[in-house]
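Undergrad: Handing you this structure, nothing more for now.
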Amino acid sequence: MTLPLFQAKGVTKMFGGLVAVNQIDFLVEPSRIVSIIGPNGAGKTTLFNVFTGLYAPDSGSVTFKGRSLVGLRPDEITAAGVCRTFQNIRLFSNMTAIENVLVGMHTRVTLAAWDVLARGSRFRLAEESLWRRAGELLTVVGLRTKANEVARHLPYGDQRRLEIARALGAAPSLLLLDEPTAGMTRGEAGALMALLRRLIAEFDITVLLIEHNMRVVMEISDGVIVLDHGEKIAEGPPAEVRQHPRVIEAYLGRRSHA
Amino acid sequence: MSHAAGVLVLLAASGYAVSIFPHSILAFLLFQLSILALYLARMRPWLKTTVAVLALCVMMPAIGTINGYYLEVATQVGIFAALALGLNIVVGLAGLLDLGYVAFFAVGAYLWAIFGSPQANRVFGGGFPLAPGWFFVFLLVGLTVAAVTGVLLGLPVLRLRGDYLAIVTLGFGEVIRVLANNLDKPINLTNGPKGITPIERPPLPFSPALLPGVAPSLLYSLYFYFLVLLIVGIVVVVNRRLENSHIGRAWEAIREDETAAQAMGVPLVRSKLLAFACGASFAGVIGVLFAAKQVFINPESFTFLESIGVLAMVILGGMGSIPGAVLGATVVTVLNLQVLKGFSLWLNELRNAGTVVLGYDLANLPTQLEPAKYERMVFGVILVLMMIFRPAGILPARRRQRELAEPQQ
């Protein structure tokens with residue numbers, strides 16, 4: 001068995017008296033796609049926010065490559081190799097597509113303030129390679145021709161893909177995608193899934209995915225984790241999870257009407 | 001080529017107009033407009049640069065020898081341009097609304113005022129004022145101390161956003177002004193509301209005998225004009241370099257969405273402090289120069305209204321836009337110093353001459369409606385109209401378009 005890349009143990013997050021996430025355990029092995037599913041309010045996004053340092057967990061541990069992420073700032077977690085997208089798109093809307101990706105690459109910049117002011121060859125070379133890399137990432141998500149478009153002018157589907165390109169800019173080993181196909185048509189969602197498969201092959205990354213679209217989840221995931229009311233109710237390969245009685249209950253309700 | 005020709009004709013005509021009508025505001029405004037036209041014109045870069053250097057380094061000083069007040073206006077424009085450029089980093093790029101920006105200006109000004117005048121003797125015994133040459137050292141001291149002050153202000157307000165940040169910075173600006181007003185006891189550091197004078201001016205880099213026809217006061221005006229021009233030039237270059245780098249992009253990302261910026265790896269604390277420090281340092285440098293130029297300073301120069309004025313320049317010109325900040329500073333300064341003053345003087349003349357407009361004798365105008373009192377109102381109306389019809393500013397920040405190399409496949 002390969003070593004886990006990412007591991008959550010007993011992660012609990014409360015808001016006042018509300019337990020948003022309760023005692024969640026799971027691990028993610030490298031080069032997999034693991035999906036987190038569950039009804040609205042199940043605590044999926046809260047879990048992501050804990051993993052990326054936006055919330056501190058009340059208890060439990062989160063480790064990535066053997067290093068604890070609890071207590072690190074979001075930018076430190078990104079620098080460590082975990083980067084995310086947001087459920088409600090949060091692009092830098094007045095910046096161009098390529099500038100969005102460049103911001104994503106911030107942790108990869110090794111220039112000092114002095115280099116910026118001096119504009120020496122060090123700066124030019126670094127900046128050149130940044131722009132080249134950002135252009136490549138835009139090509140990967142199919143937005144190269146729109147590199148100079150302001151993000152808020154992009155169509156919805158492009159904005160979703162730009163968020164992925166921006167997250168890839170940080171060169172993460174683990175990519176957290178929060179409902180990347182939300183609001184997409186069947187065709188668009190299919191294309192995005194193909195893109196995800198390519199990313200895993202080309203970039204050697206691992207994906208943790210929150211997704212509502214069951215077709216997508218069943219098709220692409222290596223493993224599925226089901227949350228309901230902040231608890232993990234099932235975990236396993238997609239085919240197995242689909243048959244799980246508690247999952248069916250969570251999604252369809254109890255058979256009380258029969 | 002037609003653009004270039006038009007601009008040159010305009011420049012020449014305005015220069016000629018100023019030389020014939022040295023006291024006409026319109027002639028000088030025409031000169032300013034021709035510089036704006038020069039900026040906007042489509043010309044070869046080298047030609048544009050040459051003409052700009054000629055206009056600013058030859059024509060403007062020449063105009064100054066005809067009417068010294070115009071040189072004063074140009075110098076003030078430069079001072080406020082540097083301030084607006086500094087605030088542009090904090091507000092325009094990083095999106096941190098700072099309503100107490102003039103505090104950093106005050107820090108720079110008081111630094112040189114205290115040590116460049118006999119004032120420091122009251123605290124440290126004897127040995128002051130420092131020799132005029134220390135002025136140049138104090139440009140750096142002012143920069144450093146203002147930057148440190150910026151960081152000190154930044155530290156406690158890092159967690160605040162939007163309105164809350166604005167209120168705290170407003171308070172900070174007032175604290176500095178009140179300190180300047182009251183630090184005359186127990187130790188007399190700032191001489192309180194009476195202000196500090198005489199403040200040393202930097203030594204002239206050449207002997208006045210070299211320019212025999214020019215009055216000594218004008219020599220200093222010219223000298224300060226060129227110093228300000230140099231500082232604004234440096235500030236513009238620094239601004240541009242910061243903006244077009246990962247630092248500037250991080251600032252803009254923070255402005256757009258702080259949470260997302262941090263999630264993408266932008267260290268919020270460091271980036272915000274850097275923005276505060278950069279903005280403050282420009283104000284510090286120009287503050288040192290301001291003190292030397294004015295020879296006299298008191299807390300009146302550093303009121304809340306000054307902070308708002310600089311903010312108005314940034315917003316009017318276009319948030320996050322370097323040419324916008326410079327233009328905003330020019331427009332507001334010229335409006336305040338020349339257009340609105342000139343307008344009220346003109347109305348006064350009409351009134352005193354007993355001119356009758358639409359059957360109404362202007363001499364009967366009640367004193368409450370004295371033209372000089374409209375100045376702030378007209379300024380306010382202009383701001384309101386601008387925000388309604390051109391909210392992004394006169395010269396809005398343009399997104400940089402870049403040609404991407406073809407992908408290698």
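The values are calculated or read from the model by the stated rules, or taken from the named source; none is laboratory data. Here the structure is a predicted model, which means the values were calculated and not measured. All Cβ positions, even for glycine, are placed from backbone atoms using ideal geometry, and neighbour counts span all protein chains on display. SASA here: full protein model, heavy atoms, side chains in, ligands and nucleic acids out. Shrake-Rupley method; radii C 1.70, N 1.55, O 1.52, S 1.80 Å.
Undergrad: Just how far, in whole angstrom, is region A:205-243 from region B:177-206 if you go by their alpha carbon centroids?
TA: Spelled out, the Cα-based centre of one part sits 70 Å from the other.
Undergrad: When a/c reaches 1.5 or more, the comparison of a/b and b/c decides; with that in mind, is region B:252-370 rounded, prolate or oblate per its Cα gyration tensor?
TA: Cα axes put region B:252-370 in the prolate bin.
Undergrad: Tally up the carbon and sulfur contribution to the accessible surface of chain A as a whole percent, 1.4 Å probe, everything protein left in place.
TA: Within chain A, the accessible surface is 51 percent carbon and sulfur.
Undergrad: From the P(r) of region B:73-152, can you give the percent of Cα pairs sitting at distances over 19 Å?
TA: For region B:73-152, the share of Cα pairs beyond 19 Å comes to 47 percent.
Undergrad: Can you give the helix-only mean residue ellipticity at 222 nm for chain B, where every DSSP H stretch with n ≥ 4 adds -39500 (n - 2.57) and the sum goes over all residues, rounded to the nearest 500 deg cm²/dmol?
TA: Using -39500 (n - 2.57) per qualifying helix, the result is -21000 deg cm²/dmol.
Undergrad: Considering just Cα atoms, how many Å³ per residue does the convex hull of chain A enclose?
TA: 151 Å³
Undergrad: Round to the nearest 10 and report in Å² the accessible area of B:L385, as given by a 1.4 Å probe over the protein chains' heavy atoms.
TA: B:L385 has an accessible surface of roughly 90 Å² with all protein chains in place.
Undergrad: A follow-up question, please. Which of B:V228, B:V77, B:V157 moves the most in a Gaussian network model of chain B with Cα springs under 10 Å?
TA: Highest fluctuation of the listed residues: B:V157.
Undergrad: Moving on to the next point. Excluding A:G53 itself, what net charge comes from residues whose Cβ is under 9 Å from its Cβ, given Lys and Arg +1 and Asp and Glu -1?
TA: Within the 9 Å Cβ shell, the charges total -1.
Undergrad: Of A:V224, B:P186, B:V145, which is farthest towards the positive pole of the protein assembly as shown's charge dipole, taken about the Cα centre with +1 and -1 on the beta-carbons of Lys, Arg and Asp, Glu respectively?
TA: Of the listed residues, the answer is A:V224.
Undergrad: Right, here's the next one. Compute the signed sum of charges (Lys and Arg +1, Asp and Glu -1) over the other residues within less than 14 Å, Cβ to Cβ, of B:T190. Each step should come with its number before you reach the end.
TA: Numbers: positive: B:R122, B:R177, B:K185, B:K194; negative: B:D184, B:E300.
Taking every other residue near B:T190 into account, the sum is +2.
Undergrad: Mind listing the phi-derived Karplus ³J(HN,Hα) values for region A:94-99, rounded to whole Hz, using 6.51, -1.76 and 1.60 with θ = phi - 60°, and x for any glycine or proline?
TA: Using θ = phi - 60°, the values come out as 9, 9, 6, 4, 5, 5 Hz.
Undergrad: Another question about this same structure. How many angstrom separate the Cα center of region A:110-145 from the Cα center of region B:289-312?
TA: 40 Å
Undergrad: Going by a 1.4 Å probe on protein heavy atoms, which residues of region A:73-91 end up with at least 50 Å² less accessible surface in the whole assembly than in their chain alone?
TA: A:D75, A:R90
Undergrad: Which of the three applies to the protein assembly as shown, rounded, prolate or oblate, going by the alpha-carbon gyration tensor with a ≥ b ≥ c and a/c under 1.5 meaning rounded?
TA: prolate
Undergrad: Next question, about the same structure. For the protein assembly as shown, what does the accessible surface come to per residue with a 1.4 Å probe? Please give it in Å².
TA: Per residue, the protein assembly as shown has an accessible area of 45 Å².
Undergrad: While we're on this one: On the accessible surface of chain B, probed at 1.4 Å, how many percent belong to carbon and sulfur atoms?
TA: 69 percent
Undergrad: Also, quick follow-up: For chain B, rounded, prolate or oblate, judged on the Cα gyration tensor with a ≥ b ≥ c (square roots of eigenvalues), a/c < 1.5 rounded, else prolate if a/b > b/c?
TA: rounded
Undergrad: How much accessible area is lost when chains B and A come together, counting both sides, with a 1.4 Å probe, in Å² rounded to the nearest 100?
TA: Working: alone 20640 and 12850 Å², together 30150 Å².
For chain B against chain A, roughly 3300 Å² becomes buried.
Undergrad: Quick one: which bits of region A:108-125 get at least 40 Å² less accessible when the partner protein chains are in, versus the chain alone, with a 1.4 Å probe?
TA: Buried on complex formation: A:V116, A:L117, A:R119.
Undergrad: Near B:S307, within a Cβ-to-Cβ distance under 11 Å, what is the net charge of the other residues, with Lys and Arg +1 and Asp and Glu -1?
TA: Values: positive: B:R177; negative: B:D98, B:E174, B:E306.
Within the 11 Å Cβ shell, the charges total -2.
Undergrad: With θ set to phi - 60° and the Karplus curve 6.51 cos²θ - 1.76 cosθ + 1.60, what are the ³J(HN,Hα) couplings of region A:55-61 in order, to the nearest whole Hz, using x for Gly and Pro?
TA: Listing the rounded values in order: 10, 8, x, 6, 7, x, 10 Hz.
Undergrad: So what's the back-of-envelope 222 nm ellipticity for chain A, counting only DSSP H runs of four-plus at -39500 (n - 2.57) apiece and dividing by all residues, rounded to 500?
TA: Rounded to the nearest 500, the figure is -11500 deg cm²/dmol.
Undergrad: Mean-square fluctuation check for chain A, GNM, Cα pairs under 10 Å: which of A:A182, A:A97, A:A194 is largest?
TA: Per the Cα network of chain A with a 10 Å cutoff, A:A194 tops the list.
Undergrad: Residues of region B:257-276 with accessible area at least 20 Å² lower in the all-protein-chain context than alone (1.4 Å probe)?
TA: Residues meeting the cut-off: B:D257, B:T259, B:A260, B:Q262, B:A263, B:M264, B:G265, B:V266, B:P267.
Undergrad: Still on this model: Helix A:156-169 versus the longest principal axis of chain A: what angle, 0 to 90°, nearest 10, using Cα atoms?
TA: On a 0 to 90 degree scale, this one is about 70.
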